[in-house]
Structure formats: C-alpha cells, structure tokens
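**Q** My structure is below; once you've seen it, I'll send some questions.
The values are calculated or read from the model by the stated rules, or taken from the named source; none is laboratory data. Computed from a predicted model, the values in this text were never measured in an experiment. Heads up, the Cβs are rebuilt from the backbone with ideal geometry, glycines too, and the neighbour counts pull from every protein chain shown. Note: areas computed on protein heavy atoms with side chains; ligands, DNA, RNA excluded. Shrake-Rupley method; radii C 1.70, N 1.55, O 1.52, S 1.80 Å.
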Amino acid sequence: MDEIKNKFLDLIHKQQNKNMKIPAMGFSDYFIQNVQTSSIQTAPSTAKAPHGDSSEARLSDQEILEATEGIYFEDGAHTSLYELEKFRERCDLEAISQQISVLKQQHKVISKKVLQLILDNRTACNEEFSRIEETEKMLCEAIWVCRKGRSYLNFAKKNLTTTSLEILATYKKREVLMELLKTLKTIKRIKTTDTQLQELVSGGNYSGAIETLLECRKAAERYSQYKCVESLSQKLQDTLLMTEVQLDAVLNEMTQQFDTKKYTKLQEAYKLLGKTLIAMDQLHISFISTIHTAAFTVVRANGDAADEQKPKQLFEALCESVAADKYISCLINLCRSFWGILSCYYQVTLWHQNFNVDPEADEYIHEKLKNGQVRIWNDIQAKISVYLSSPRLHQLKFEQFIQVLCIIQRLKKVGVEFCGDSSGKLMESMKNQSMEFFKRYHSSCLEEISLFLDNEAWVCVNSFSSVSQLQEFKSMKKALQRHSTAQDSGKPPTPRPSQPPVGNMDNDSSAHSQDGGSSIYAYCGYFLRFSEKSSPFDGGFDESMLEEDILAGIADETSCYFSEESDDDNFQGANDADSAQASLIVNNTSLTVLRCIGRYLQMCRLLHSIAPQIVACMMELIDFFIYVVHEFFARDLPVASNNLYTPHLTRNLQRISMEIIPKVKNWPPSKMMIANELQDGDEMYGLAKRIVGIESACCLVEQFEQLQNYMLHLLPPNERKPLEEYFSNSAYVSDLRKPVYMCTTARLADMQSILLAMAKIKWDVNDVTVHHSAYIDSITRAIQTFAMRLEELSKQTIVPKAFVWDSMAHVLTHTLVEGFSNAKKCSTGGRAQMQLDFAHFISILELISGLKYTIHQGYVDAYVKAFYLPKDLLEEWIREQKESTEYSEKQLVGLVMCTCNNDKKMRQKLLGIIGTGDVS
C-alpha cells in the first residue's frame, strides 16, 4: 500500500505546469476556472493559522493528499465499512461531521490532481497517434511499389520467353496444312451430301439443308477440275428439288400445328432459295384447303354412318345428315377445328410482325396476310352458316339452342378479334333461325303458363326473395347487380377494364368459365389466352358456358369481371333487402313467368339483333298473367265497377284482350280448383287466393322493373321506346287491387244490412244528440269481425293489410254516402248527425286498422258538406262531380232533392245538370 501511495505522489510531483486550468467535472465554475487563484490563497491561510485555533487551520493540497489513507487507493476496498469501524466504540455527531468534512476535502483534492494528469498527457497522446498514422501510410506505399515492380517483372518474363521468329514460322506451316485439309474436307462433304441432307431435314434444320446444298453446288463449281466432283453436280440438282418438295409438305403442316422454331427455319430456307413470296402464296392456298377439308371431315364423322360410304356428297347434304343428338357436339368440333386453323394463321401473322424476312418482300407479305384474314374468315362463316341452316336446329330444346347461341357468339368474338369482321352473314343467318325458333318457343311458353294457371292452387311461395335465386338468372347475376346499383344511384354502371383488342374488337369482355372469373387472363383476347391445342370451345357448354357475360355489340359490357368484385348472392333493387323480402308474394305460375323471362334474357344477350322482339314477348307474358288474375279474381264483383276501374287499367285490359289473348290456344283457363273457395263465406270469399293472385302479379311487375336498366342496356337506343313506355304504364297492375279486394270486402261488409239500418234513421231532426246512430254499432262490429278474421288469415299467408283495409274503407265509406243519399228529407241537424256518425266511424276504423284514410274521409266529408254550400257554389260543385264521376247520379240527385226541397227552380236546374228530370 505504501508503495502505491508513493508512486501516486511521485506522479503528482512530476507535474510542471501547476497553474493549468481544469475542465468542469462536477465542480463549480468558479473553482474550475480559478485553480491557480485557489492554490495561491492556500499559503496565506495556512500562514495565519498560528494566530487562531489549530482545528481551523487549512492544509495545502499536497498535505491533504499525503494524509489520505491507503485503503482509498485499493481496488475493491470497502471504504464504507472501514469508516464505520472507526466509530464502533464512540459515535459522536461532531466527530462524524468533522470526518465527513475531511473526506470531502480529500475527494476534492484527488479529483483535481487526476484531471490535471489527464490534461497533461493528452497532447503527448495525440502526437503519438499522428506518428503511428504516418508510419502506416508509408508502409502501404511501400507495399504498392513492391507489387507493381513484381507485375512488371512477370510481364517481361512472359513476353520475352518465346522468339517471334519461331512463332511466325510455325504459323505459316499451319496455314498451309489447314488449306490442304479444307480442300480434302470439301471434296468429302460433296460426296456425303445426300446422307447429311436427310439428317438435316429430318432434324428440322431446313435452312441448314438448303445452305448445305447451295454450298455444295458452289464447291462443285469451284473444284470442277477434279473428275470425282464433276459427276456429282447433277445429283445435287435432283436432291435440291426433292428438298423443296419436303419443305412444301412441312409448310402445309403449319396450317394445323404451328411451330415457331420450325417456321423460322422454313422462312430462312425459302429465303436462301429466293422463293419467299411463292411460299407465302402457297401457305394461303394451304389454309383455304385445310378449312374445307376440316369441315368435311368433322361433319362426315358426326353424320350418318351410311352417308360416309358415299364418296361425293355435298357439304349441305352432309350437314342435314347430322342427327339432332350430335348437332351441338358436331358444331363444337367444327369450331375447334376452325379455331386451330385461325390460331395458326394468327401466329403466322404475329411471326411476320416480329421478324423481317426480306425488306423488299415484307410489305407484300403483310398486305397478303391482311387480305387473307378476311378471306379465311369468310370461308369459315360460309361453312358455319350452311351448317346452321340445317332443319335439325329447329328440333333442339331451349337449353340446347342457348348453347348454340353461346357457341356462335364466341365464334363471332373470335372473328372480331381475328380480322375485325362482325360476321354479318353468320349473324344474319343465326338471326333468322332464332326468330323462327323463338316464335315457336314463345307460343309454347304461353301454353305452358296457361297450363300452370289451370292447375294453380294460388298458394304463396315463401322462400322467394329475388330473381337471382332462379337458375335462369344465374349467368346474369353480376350484370344485374351492376345495373341495379347504377339504377339506385342514378348513375350509369361503372365500366370495367376492357381487354386489349386485336383489330376492331366488338367490346367483348367476359371470361370463359375455365379461366375463373378473377383470372388476369380474363382481360386478354382469345388468341393470347389459347393456342391451336387449346381453344375457347373446350370444356362444358351447359352451365359453365351460360356463366359468360356475353353482350355482343354492347359497349358498356367491356366491363369484365369485377371483381368480378362485391359478390352478393341475392340481387336487390332499390328497396332494402329485409323490406323486399317481407313484401314479395309469388306463386308457382308467377315464378314460371320469371323463369321464362330469365330464359328470354339469355337469348337477348346472346343474340341482341332480335332483342326488341324478345323483350316484347316478355311483356306479353306478364300482361297475360295479369289478365288471367283479373279474370279469376275480379269478375265476381257484387257491386258496380264504374268507379273501381281507372281509365288506365281499362285501356290496358282491353289492349291485352285484343292483342295477346288471341295468341293463346287454351283460353279461357279453368279455375275449378278455386271456384268453390271464391264463393265460400267461411273462407272470406277466397281472400287468401285473391291476395296471392293480385300481389304475385304486382310482385312480378316489380321484379321486371328491377331488370329495366339491364334490358335497356341490351336494346339499341332506337328500340328502347316501347320498353320505356311499358314501364311508365306498368302502374296499372296496382289499380287492379281495388276491384280484386272489393270482391271480398263488398261481401264481408254486408252493405244491404247497413243501408236498411240507415234507411230507418230520421235525418230531418232539429236537435243533434251526443250519441252516434245505431247503424254505426253494426258497422263497428263488422269492422271488428273483419279485423279478427284478417288476423287469423295473416297466420297462413302474407296479408298486405294496407290494401285490404283500404278496400274495406272504400266499401264502407261508399256505403255511407249511398245511405246518406237515400235520405228523402234532411235538415241541418240531420247533416250534423251524419258528420257525428262518420267521425265516430272513421275513428273506430283507423283505431282498429292502424291506418289513415285521408282520401276516403274527404270523399264522405265533401258529400256531407255540400249541403251547406250556397246555391251558386253548389251548382259549380255538381258540375265538377259530374265530370269526375266520383259520385253516382243517384247520389247527386239525392243531394239536390234534400238541399233544394223548397226551391223547385233551382232543383230543376241542378237536375238538368246531372242529366235527369224533376223526380218530384
């Protein structure tokens, strides 16, 4: 310990600069910056110590440092325990404070000395590091110089070891020998040309074969001085001709199975021969021939086995020999064969766009290929048109015919992408066939619906909530959702990314089912997605084919699969899903009509040229169903129907009767299944059946209206007016509710009993009682009974209470007006009694039904208040009512007789306005 202490003291004594300032490290600024001043002031303080107390004398730094105990300079020493041991025997506060003061002073002095040492040695340390860096830099330079010198020595060693003269001599000898060897190899190759050519041709190296032949011919001319070479010249010419024949055969194979590498070698070979243009002409002839051969081969393979034995048979006769069960498969095979040919032609065109054969011939080749596209497609159209003109097409079922339409539409899109041709001949042929087919099919649909109506039980199908549930609308679900959303927002549907067209594409967008709607390839053209080995006509052509969103000629349908995006399973219109689901009342026949409409829509979008006729037939189906509902449920009205049928409803019923009903063979349909129930009071005169009938008709129109935007989208702009007019007039079906429900409510209200009870009331009283008349009680009981029976009925089927109660209110209010008009004499008190009775009646009706009847209330109030009108206003009021026909002549006469009882002249005038004489 003493040794460590002495070393530390020696280190301190070596310091030369006692006045150096110490940086701040825990001391006050004053102490740090005035170290020198503090040191100077220490001596006088010490010198003055003898004059004062010895305990207050201040020691110098050196003395304090020497007085520091050695334990404080040891590593790992427990100084705290050491200090505490000093006070084990005597613990005096003053002594502790004095010891703390001493320790602090020692700590301060030691810290100061340590900092001085650090600062003194810092400059020397920096200088030493600088010297080390200079030394390192010098070593790096020395290494670089050594390496450079060694590389120069190595280069000199390599280049000066071989004598230049020896190199030149050896090279000269080698050149002479190589020239001799080349001559010998050329002669040998000429002799073995045949074998080598066969190997090159069989290996597909046509350009190599031609190049070898041409080289051999040149070599034969160059070495003609040799007798062995002269005899081979003629043989080489014959071999060249045979090779050209083989090239033509391989070129013909390109029309059915294109190979880029093989075709490249063929073009190189023809270029070497100088026959590039001749080869292109030969290729087009091969394509035309392949189309005719493929058509005959496919149709003959699907035709009658007996006809296959006939060698020379026209293509039309072969098409007629195809059986109905093989018709679609044969059409698919035809399209596949033609697709393979078109795909090969497309790849040939693509090859010539990417590669330049000959600058002088390229322009001719491109023009030839462009013109050849139209010619080849016209040949294919002609073959398909002949095949479609076969009478077998009319024997197909609807689903099969839809498949044919799908196939033809896909073929049309292939043609549009191939050469920009819209296939007018093909589509015109398909249009004529479709018109004939659809006429027969529409007639059969009318008969089918009529048959359903004959056997209809008029029971609600509770599980129906949207047309998207029906299988017939499955293929159009995404398009319906898109156009329904556009209809709700009032904006046109957002177009989806269109596919990059080749030529003048017809905006066809949908992906084949095998692509998976979300595939990125769905946005590409057919020639990018398929090859000659796979085609757009592969796979099933039933449900998967119908999942296509094909809208030929409809620009907005370039919108392809959103994503195929928002995939709700149910298609809803503008109404909320829950409210729509609760209000949909349909039966089996109305669902059948919707299914027919779904099938009609499939034809619309697959052959839009006859879309206006198809849409018109859809409207006929709906109108026919509505007319049958009227015939079944509105013909047994027990009251006059003058004010129940609106002019709009009457005109439409007359139109249907004249235009549509004559087309139905089985007319009128039988209603034997519901006839008894319609006359049964216990069954509320068939109210449940009537509800299902009229509400299913209204629901049918509502569902049809949800297709409005989509159908308008399918129709050409100049053909949309009839459909728009139909939708603007479709509200007439709602007007049919009143006569249908009146057939029940008019019987349940027992109007005769009410009128008899009202006839017993004296209306010429002077005083008005505070109580209502007795007949109001009977009406109230009738209302209560009706409400209870309606509640029981709602447990069995959905009841549109608003319309049914409105019908009941109509019956009762018109009965009241009829009873009021029967009064022979009526005083002011009597009119007041009428108002009191009606006010009580309407309050009970609204309370029980939970509805408001503003129109019906105004109807009665206007009649009762007309008694208080002055004579001139009464005359004007009667003229207005005469024109509106809201009140019957009998009711107006009753009003005039009561109000003009004492004024004969006015009475005659008013009766004349009404159209009757003086009945007094």
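**Q** Quick test of your reading of the structure: E211 fulfils all but one of (1) at pLDDT 80 or above; (2) more than 30 Å from C319 (Cα to Cα). Name the failing condition by number.
**A** (1)
**Q** Separate question: Restricting attention to the stretch 792-805, which residues are free of Cβ contacts under 8 Å to residues at least 60 places away in the same chain and not in a loop (DSSP other than H, G, I, E, B)?
**A** E792, S794, K801, A802, W805
**Q** Only residues that are at pLDDT 85 or above and either part of a loop (DSSP other than H, G, I, E, B) or in contact with a Gly (Cβ under 8 Å, 6 or more places away or on another chain) (or both): list them for the stretch 74-126, please.
**A** S111 - this is the single residue of the stretch 74-126 that is at pLDDT 85 or above and either part of a loop (DSSP other than H, G, I, E, B) or in contact with a Gly (Cβ under 8 Å, 6 or more places away or on another chain) (or both).
**Q** May I pose another question? Which of the residues belonging to the stretch 837-853 are over 17 Å from K801 (Cβ atoms) and surrounded by fewer than 16 Cβ atoms within 10 Å (Cβ to Cβ)?
**A** A839, S843
**Q** Inspect the stretch 402-423 for any residue being under 20 Å from H608 (Cα atoms), crowded, with 23+ Cβ neighbours inside 10 Å, within 36 Å of the chain's Cα centre (by Cα) and of a type in the set (S, T, Y) and give the result as yes or no.
**A** Taking every residue of the stretch 402-423 in turn, at least one turns out to be under 20 Å from H608 (Cα atoms), crowded, with 23+ Cβ neighbours inside 10 Å, within 36 Å of the chain's Cα centre (by Cα) and of a type in the set (S, T, Y).
**Q** Still on this model: Given (1) within 17 Å of C617 (Cβ to Cβ); (2) in contact with a Leu (Cβ under 6 Å, 6 or more places away or on another chain); (3) at pLDDT 90 or above, where does R655 come up short, assuming only one miss?
**A** Condition (2) is where R655 drops out.
**Q** Of all residues being of a type in the set (S, T, N, Q) and surrounded by fewer than 18 Cβ atoms within 10 Å (Cβ to Cβ) in the stretch 738-776, which is farthest from E677 (Cα to Cα)? Just the residue, please.
**A** N766
**Q** Name the residue that is farthest from the chain's Cα centre (by Cα), counting only residues in the stretch 370-401 that are closer than 19 Å to Y526 by Cα and open to solvent by less than 40 Å² (accessible area, probe 1.4 Å).
**A** I376
**Q** Of the residues Q857, Q833, which single one is in contact (Cβ under 8 Å) with a residue 60 or more places away in the chain and not hydroxyl-bearing (S, T, Y)?
**A** It is Q833.
**Q** Just give me the residues in the stretch 308-366 being buried (at least 16 other Cβ atoms within 10 Å of the Cβ), touching a Lys or Arg at 6+ places or on another chain (Cβ under 7 Å) and free of Cβ contacts under 8 Å to residues at least 24 places away in the same chain, in sequence order.
**A** L318
**Q** Within the stretch 856-867, track down each residue that is charged (D, E, K, R) and open to solvent by less than 60 Å² (accessible area, probe 1.4 Å).
**A** Listed by number, the list holds a single entry, D861.
**Q** Go through (1) under 28 Å from F625 (Cβ atoms); (2) out of contact with any His (no Cβ under 7 Å at 6 or more places or on another chain); (3) not hydroxyl-bearing (S, T, Y) for R375 and report which single condition fails.
**A** (1)
**Q** Okay, moving on. Is it the case that the stretch 433-441 has a residue that's within 22 Å of I798 (Cα to Cα) and open to solvent by 30 Å² or more (accessible area, probe 1.4 Å)?
**A** No.
**Q** In this structure, does I656 turn out to be buried (at least 22 other Cβ atoms within 10 Å of the Cβ) and not charged (D, E, K, R)?
**A** Here the answer is no, as I656 does not meet what is asked.
**Q** Across the stretch 777-834, which residue is modelled with the lowest pLDDT among those that are of a type in the set (S, T, Y) and closer than 15 Å to V860 by Cβ?
**A** For the stretch 777-834, the residue satisfying everything is S821.
**Q** For residues that are in contact (Cβ under 8 Å) with a residue 24 or more places away in the chain and closer than 17 Å to L59 by Cβ, tally how many sit in the stretch 73-107.
**A** 2
**Q** Separate question: Is it the case that some residue within the stretch 868-875 is open to solvent by less than 40 Å² (accessible area, probe 1.4 Å) and over 17 Å from H814 (Cβ atoms)?
**A** yes
**Q** Name the residue that is farthest from L790 (Cα to Cα), counting only residues in the stretch 680-713 that are among the charged types (D, E, K, R) and open to solvent by 10 Å² or more (accessible area, probe 1.4 Å).
**A** Here the residue is E705.
**Q** Select from the stretch 881-920 the residues that are more than 24 Å from V811 (Cβ to Cβ), part of a helix (DSSP H, G or I) and either basic (K, R) or free of Cβ contacts under 8 Å to residues at least 24 places away in the same chain (or both) and list them in ascending order.
**A** E883, V896, K904, K905, R907, Q908, K909, L911, G912
**Q** Scan P722, P716 and give me the residue that is in contact with a Gly (Cβ under 9 Å, 6 or more places away or on another chain), surrounded by fewer than 22 Cβ atoms within 10 Å (Cβ to Cβ), more than 26 Å from F452 (Cβ to Cβ) and of a type outside the set (D, E).
**A** P716
**Q** Considering (1) over 60 Å from the mean Cα position of the chain (by Cα); (2) open to solvent by 20 Å² or more (accessible area, probe 1.4 Å); (3) more than 24 Å from A640 (Cα to Cα), say which one K824 fails and leave the rest.
**A** Result: K824 passes all but (3).
**Q** Just give me the residues in the stretch 108-126 being in contact (Cβ under 8 Å) with a residue 12 or more places away in the chain and not hydroxyl-bearing (S, T, Y), in sequence order.
**A** Answer for the stretch 108-126, where residues must be in contact (Cβ under 8 Å) with a residue 12 or more places away in the chain and not hydroxyl-bearing (S, T, Y): K108, V109, I110, K112, K113, L115, Q116, L117, L119, D120.
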